[in-house]
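Here the structure comes first, spelled out in structure tokens, and everything after it is commentary.
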Amino acid sequence: MTFFKETINSVPLQGQTVLVRADYNVPLAPDGSIADDFRIRASLPTIKKLLQDGCKVVIISHLGRPEGRDPKLSLEPVALRLAELLGEPVRFVDQTIGDKVRMAIKRAPGRSVTVLENLRFYTEEEANDTQFAHSLAVDSRARYFVQDGFGVVHRAHASTAAITQYLPSVAGLLLEREYSTITQAMKAPKRPLVAVMGGAKVSDKIAIIKAFINVADTIIIGGAMANTFLAYRGDDMGKSLVEPDEQTILDEIYAAATAKVGSKQVDDFLVLPSDVAVAKAINTAEARHEVAANHLEADDIALDIGLKSIEKAAKIITGAKTVIWNGTLGYAELPNFAHGSARVALALATHRSIVSIIGGGDTADFVLKWDARNGGSFTHVSTGGGASLELMAGEKLPGIESLLDARK
Ligand code: ADP
Ligand code: 3PG
Ligand code: MG
């Protein structure tokens with residue numbers, strides 16, 4: 001599938017000053033250091049390509065959700081890490097627009113990388129302010145804008161939407177890869193396509209569940225999401241996390257699933273756990289106890305899918321040609337309740353002929369921690385949490401739509 005937008009490979013960028021929007025919204029450790037540099041690594045192909053083309057690269061990003069200027073959310077540590085990963089010097093300017101930026105970029109050599117300060121130190125960024133976007137374009141002295149912050153293209157902000165009014169705007173390589181991989185898997189997957197869905201809430205993921213009912217051959221449900229499904233099907237889930245008000249949504253989900261596969265097949269299509277792992281409290285000290293999904297005690301909390309369900313999920317997954325996974329299958333922050341998610345990760349990592357796509361912020365965090373190969377054990381680990389979900393659900397993303405259409 002060819003990408004529908006212009007990219008850095010399709011416009012003449014050689015020797016130009018280029019403004020690149022990255023998503024360097026990285027998780028920070030309590031001491032302020034970068035807890036995970038996956039998003040910085042993912043930005044390297046675009047930056048390297050632009051450097052090869054002799055570009056003066058100016059990078060903008062947000063970090064966190066600051067209210068005004070907040071030194072704890074400066075992008076300076078990110079610039080340092082980028083320099084290490086690139087093996088090239090990276091300049092940092094503690095402003096995002098204005099004279100200081102203009103002068104720094106004027107002085108920067110032809111082939112160079114400069115990171116500007118956190119976009120969200122300015123309220124105009126999230127307000128999609130045109131004046132601010134204009135200043136970004138002018139003060140960076142850029143000839144082109146490159147959108148490569150896949151994780152933020154579901155937002156219509158100054159650096160994803162308004163900016164494209166002021167510069168010819170094209171996609172970076174990460175954005176192209178994310179879009180193409182996810183869209184291909186949703187629109188023309190190698191079958192069977194198995195969707196693995198979990199996480200905290202059905203209500204967060206209604207659109208994507210409905211999209212999977214249309215496109216997937218089997219949907220495995222786990223996590224707290226499964227509790228809500230099991231409760232709907234009549235099981236007493238004790239003290240587990242259950243969303244009580246999702247009756248209508250679940251009626252719709254089952255109606256759609258039944259219309260697709262028939263009532264006899266519906267439980268083989270929407271696969272709920274037959275057993276769960278429970279505890280009486282949520283903490284590291286709690287052991288896991290396996291129980292049938294219809295045998296919870298009143299004070300049990302279901303925190304993972306059970307061993308029988310894990311084996312069944314692994315079997316379904318190894319029979320697939322494409323697996324799209326979104327949402328951990330249990331409370332995977334606690335090792336005792338990460339078994340389901342770890343078993344799915346293992347099944348995918350040891351069957352590399354299966355196209356495996358992992359989306360969702362917590363699920364990506366989990367597999368990156370689990371995988372000694374930095375996500376390399378899977379076909380694609382998305383850098384976008386919310387953006388990957390919206391793309392899978394078939395929504396149009398403002399930060400992509402606003403780029404120049406590919407010439408026919
Ligand atoms: P993603 O960010 O990948 O889209 P979600 O945010 O939907 O995933 O869900 C991840 C969260 O769901 C994790 O914090 C995890 O602890 C929680 N979770 C999963 N299963 C359970 C469960 N059985 N009980 C409580 N929380 C759960
Ligand atoms: C993310 O981490 O999901 C993106 O960087 C977007 O951040 P936001 O949810 O604060 O807009
Ligand atoms: Mg999440």
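Every read-out reported here was derived from the displayed coordinates using simple, explicitly stated rules and does not represent laboratory data. Source: prediction; values computed, not measured. Cβ atoms come from the backbone with ideal geometry, glycine included; neighbour counts cover every protein chain shown.
So which residues in the range 176-203 are of a type outside the set (A, V, I, L, M, F, W, C) and closer than 26 Å to Gly319 by Cβ, if there are any at all?
Ser180, Thr181, Thr183, Gln184, Lys187, Pro189, Lys190, Arg191, Pro192, Gly198, Gly199
Can you tell me which residue is farthest from Lys201 (Cα to Cα) among those in the range 362-408 that are more than 16 Å from ligand 1 (Cβ to nearest atom) and of a type in the set (Asp, Glu)?
Once the filter is applied, the top-ranked residue is Asp405.
Return the total of residues in the range 192-230 being touching a Ser or Thr at 6+ places or on another chain (Cβ under 7 Å) and closer than 30 Å to Thr7 by Cα.
Adding up the residues that qualify gives 1.
Condition first: outside any helix (DSSP H, G or I) and either at positive phi or in contact (Cβ under 8 Å) with a residue 60 or more places away in the chain (or both). Now tell me which residues in the range 338-368 satisfy that.
Correct list: Val355, Ile357, Gly359, Gly360.
For (1) closer than 22 Å to Asp365 by Cα; (2) of a type in the set (D, E, K, R), each residue gets a yes or a no:
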{"residue": "Val26", "(1), (2)": "yes, no"}
{"residue": "Phe38", "(1), (2)": "yes, no"}
{"residue": "Pro45", "(1), (2)": "yes, no"}
{"residue": "Lys48", "(1), (2)": "no, yes"}
{"residue": "Ile59", "(1), (2)": "no, no"}
{"residue": "Arg65", "(1), (2)": "yes, yes"}
{"residue": "Glu76", "(1), (2)": "no, yes"}
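Within the bounds of the range 142-153, is there any residue that is over 30 Å from Pro273 (Cβ atoms), away from ligand 2 (no atom under 16 Å from the Cβ), of a type in the set (Ser, Thr, Tyr) and within 25 Å of the chain's Cα centre (by Cα)?
No, the range 142-153 contains no residue that is over 30 Å from Pro273 (Cβ atoms), away from ligand 2 (no atom under 16 Å from the Cβ), of a type in the set (Ser, Thr, Tyr) and within 25 Å of the chain's Cα centre (by Cα).
Give, as residue ranges, the strands (runs of 3 or more DSSP E) completely inside the range 115-215 that count at least 2 residues that are within 16 Å of ligand 1 (Cβ to nearest atom).
Hits in the range 115-215: 193-197.
Can you tell me which residues in the range 389-399 are touching a His at 6+ places or on another chain (Cβ under 9 Å) and in a helix (DSSP H, G or I)?
Leu389, Glu390, Leu391, Pro398, Gly399
Condition first: of a type in the set (Val, Ile, Thr), within 16 Å of ligand 1 (Cβ to nearest atom) and crowded, with 24+ Cβ neighbours inside 10 Å. Can you find one or more residues in the range 325-333 that meet it?
yes
How many residues are within 13 Å of Leu136 (Cβ to Cβ) and in a loop (DSSP other than H, G, I, E, B) if we restrict to the range 85-114?
4
Determine the pairs where a residue that is within 24 Å of Phe212 (Cα to Cα) and in contact (Cβ under 8 Å) with a residue 12 or more places away in the chain, located within the range 169-185, has a partner that is surrounded by fewer than 24 Cβ atoms within 10 Å (Cβ to Cβ) and aromatic (Phe, Trp, Tyr) with Cβ atoms under 8 Å apart, the partner being 6 or more residues away or on another chain.
Glu176/Phe3; Tyr179/Phe3; Ser180/Phe3
Those residues that are more than 16 Å from ligand 1 (Cβ to nearest atom), within 26 Å of Lys369 (Cβ to Cβ) and among the polar types (S, T, N, Q), I need them from the range 15-66; list them, please.
Ser33, Ser43, Thr46, Ser61, listed by residue number.
Quick one: in the range 44-102, of everything that is of a type in the set (S, T, N, Q) and in contact with a Leu (Cβ under 8 Å, 6 or more places away or on another chain), which residue is nearest to Tyr24 (Cα to Cα)?
Ranking the candidates gives Ser61 first.
Just to check your reading of the model, which residue among Leu50, Leu80 is free of Cβ contacts under 8 Å to residues at least 24 places away in the same chain and not in a loop (DSSP other than H, G, I, E, B)?
None of the other options fit; the residue is Leu80.
Condition first: of a type outside the set (A, V, I, L, M, F, W, C) and buried (at least 24 other Cβ atoms within 10 Å of the Cβ). Now tell me which residues in the range 35-60 satisfy that.
Ser43, Thr46, Lys56 - these are the residues of the range 35-60 that are of a type outside the set (A, V, I, L, M, F, W, C) and buried (at least 24 other Cβ atoms within 10 Å of the Cβ).
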